[in-house]
Amino acid sequence: MGGPGAGPSHRALAVVLLIVVSAGCLSGGPGVGPAEPTRTAGPERPGEGVSVTVVDVVDGDTLDIAYANGTRDTVRLLGVDSPEVRTANDPGEFTGVPDTETGAQCLRRAGANASAYATDRLAAESVTLVFDSESERRGYYGRLLAYVYVDGESFNRALVETGHARVYDTAFTERERYERTAAAARNDRRGLWSCADADGDGLPAAGTVSDAPLEVVAINYDAAGNDNENLTGEYVTLRNSGTEPLDIAGWTVTDDGGHVYAFPDGAVVGPGVEVTLRTGSGPDTTTTYYWGESGAVWNNDGDVVTVRNATGATVIREPY
């Protein structure tokens with residue numbers, strides 16, 4: 001029975017088993033990534049997740065990632081929602097933020113801060129994706145819905161704890177815990193929740209990665225005429241929104257194309273004062289600095305202005 005002389009029925013069973021095993025091995029599929037693990041009961045078991053590399057931080061709650069086999073995907077962080085940077089925010093979605101133009105402007109700034117925070121923590125890092133038994137694995141736009149762990153810590157929860165995100169109105173295992181964390185952040189006016197007390201300029205009282213009171217007030221990326229022939233007409237203007245002088249010596253301004261400018265020794269911005277960084281060449285003053293580039297820096301079809309302090313911490317990340 002069942003020896004070398006097994007009949008046709010046994011051979012058919014072997015073929016079926018081979019097909020089933022092969023299907024399991026190929027379940028990742030091209031362009032989708034490797035087979036993903038069974039959803040966990042919650043985010044407390046990162047060892048059971050999928051290891052990936054962050055290739056781009058889209059904004060505070062969205063990442064582009066690459067699997068070990070080179071395929072790529074987009075992840076929407078489960079259970080959290082950072083303010084938008086590229087589109088309008090609805091202040092009504094953020095408890096306590098005034099439903100005014102000032103509130104909306106403040107939230108946009110807070111969204112840029114959240115994006116800078118995510119970039120500092122996650123860009124080019126190896127992270128672990130963990131899925132939740134109470135959530136779909138993919139959302140409305142086809143993006144993965146997951147907890148993201150970096151160095152063993154939940155980045156989703158860190159966004160809520162620092163006030164860089166609200167709790168999103170969806171089902172997930174850790175919802176009650178996140179709600180308690182968000183309530184504490186609101187009470188302390190951390191991050192975006194400082195928008196509940198937004199001033200007349202629509203700026204949060206705090207929330208930049210380095211807490212420096214510097215903001216972008218103008219980006220003239222499309223100079224009159226040919227950009228490459230009007231380099232001094234292409235510029236970025238920054239303002240010190242604080243009440244004390246700000247020493248910016250050694251601080252850098254970069255674009256997404258790898259151009260880097262460093263402010264010289266002695267560069268200080270007084271309270272309420274604006275300084276303009278022009279792409280071309282000219283004599284520096286206390287309010288105008290020249291990059292000295294031989295070609296245009298800021299892309300007319302979109303770019304990101306990033307300002308870092310002398311220690312390398314991100315102060316501003318302003319997409320346009």
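The values are calculated or read from the model by the stated rules, or taken from the named source; none is laboratory data. Everything quoted here is computed from the prediction, not taken from an experiment. Cβ coordinates were reconstructed from backbone atoms using ideal geometry, including for glycine residues, and neighbour counts include every protein chain displayed.
Observations on the structure shown:
- Look at region 134-146: where a residue is under 15 Å from ASP169 (Cβ atoms) and in the same structural domain as LEU63 (by TED's automatic domain parsing) and a partner is charged (D, E, K, R) and part of a loop (DSSP other than H, G, I, E, B), sitting 6+ places away or on another chain with Cβ atoms under 7 Å, you get LEU145/GLU136; LEU145/ARG137.
- Only one entry in GLY257, GLY250, GLY272 is without any contact (Cβ under 8 Å) to a residue 40 or more places away in the chain and either surrounded by 15 or more Cβ atoms within 10 Å (Cβ to Cβ) or assigned to a loop (DSSP other than H, G, I, E, B) (or both), namely GLY272.
- Residues located in region 105-149, provided they are assigned to a helix (DSSP H, G or I) and either among the charged types (D, E, K, R) or in contact with a helix residue (DSSP H, G or I) (Cβ under 6 Å, 6 or more places away or on another chain) (or both): CYS106, LEU107, ARG108, ARG109, ALA110, ASP120, ARG121
- Tally, over region 47-96, of residues that are under 14 Å from the mean Cα position of the chain (by Cα), hydroxyl-bearing (Ser, Thr, Tyr) and part of a loop (DSSP other than H, G, I, E, B): 1
- Breaking point among (1) of a type outside the set (Asp, Glu); (2) part of a loop (DSSP other than H, G, I, E, B); (3) surrounded by 15 or more Cβ atoms within 10 Å (Cβ to Cβ), for GLY292: (3)
- Residue check for THR306: among the polar types (S, T, N, Q), part of a strand (DSSP E or B) and surrounded by 19 or more Cβ atoms within 10 Å (Cβ to Cβ): yes
- Being under 23 Å from TYR117 (Cβ atoms), part of a loop (DSSP other than H, G, I, E, B) and either acidic (Asp, Glu) or modelled with pLDDT of 95 or more (or both) is a condition met by at least one residue of region 205-222.
- Number of positions in region 150-194 that are assigned to a loop (DSSP other than H, G, I, E, B) and buried (at least 18 other Cβ atoms within 10 Å of the Cβ): 10
- Looking across region 271-282, the residues that are at pLDDT 95 or above and either under 23 Å from the mean Cα position of the chain (by Cα) or small (Gly, Ala, Ser) (or both) come down to GLY280, SER281, GLY282.
- Taking each residue of region 306-320 that is at pLDDT below 90 and looking for partners that are of a type in the set (D, E, K, R) with beta-carbon atoms closer than 6 Å, six or more apart or interchain, yields THR306/ARG317; THR314/ASP120; THR314/ARG308.
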